[in-house]
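Data first, discussion second: the structure below is written as structure tokens.
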Amino acid sequence: HEDTLTSIASLGAILNSVGDFDEARPLLEEALLLRRQTLGEGHLETMNSMQLLGRCLVGAAEEGAGLALLEEAARTSRRVLSEAHPSARHFGQMLAEAIEGVAAGSAQR
């Protein structure tokens, strides 16, 4: 049911925002899987699930997988919505911030 899926994604997003990546990850993975199955790749909620899981993975030090999902969300949003769409700009900004964060973390090591 869509309300259940929204609740799963929201709980995952909250856990992610407080840095509880281990608890957030399975919820965000489930939300992305179900949204891909029910809504398709080009749906805004699917793209949002991509970026949430991507940010979670980057936060959990799985930068490669996280950046790949963030790139997929940004690329899909530009293709489906257009580069000028606010959501496409948001996904691009999330990708840029993640790249900067990963680069800053690498420089500190």
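Every number here is computed from the coordinates shown, using simple stated rules; none is lab data. Here the structure is a predicted model, which is why all the values come from computation and not from measurement. Glycine also receives a Cβ, built like all others from the backbone with ideal geometry; neighbour counts cover every protein chain displayed.
What to note about this one:
- Positions within region 52-109 being within 20 Å of residue 12 (Cα to Cα) and of a type in the set (Lys, Arg), in sequence order: 55
- Screening region 43-66 for residues that are hydrophobic (A, V, I, L, M, F, W, C) and surrounded by fewer than 19 Cβ atoms within 10 Å (Cβ to Cβ) and picking the one that is farthest from the chain's Cα centre (by Cα) gives 61.
- Only one entry of 36, 25, 89 meets the criterion of being touching a Ser or Thr at 6+ places or on another chain (Cβ under 8 Å) and of a type in the set (Lys, Arg), and that entry is 36.
- Test: residue in region 3-16 that is outside any helix (DSSP H, G or I) and closer than 26 Å to residue 100 by Cα: no
- Odd one out for residue 40 among (1) more than 13 Å from the chain's Cα centre (by Cα); (2) farther than 15 Å from residue 77 by Cβ: (2)
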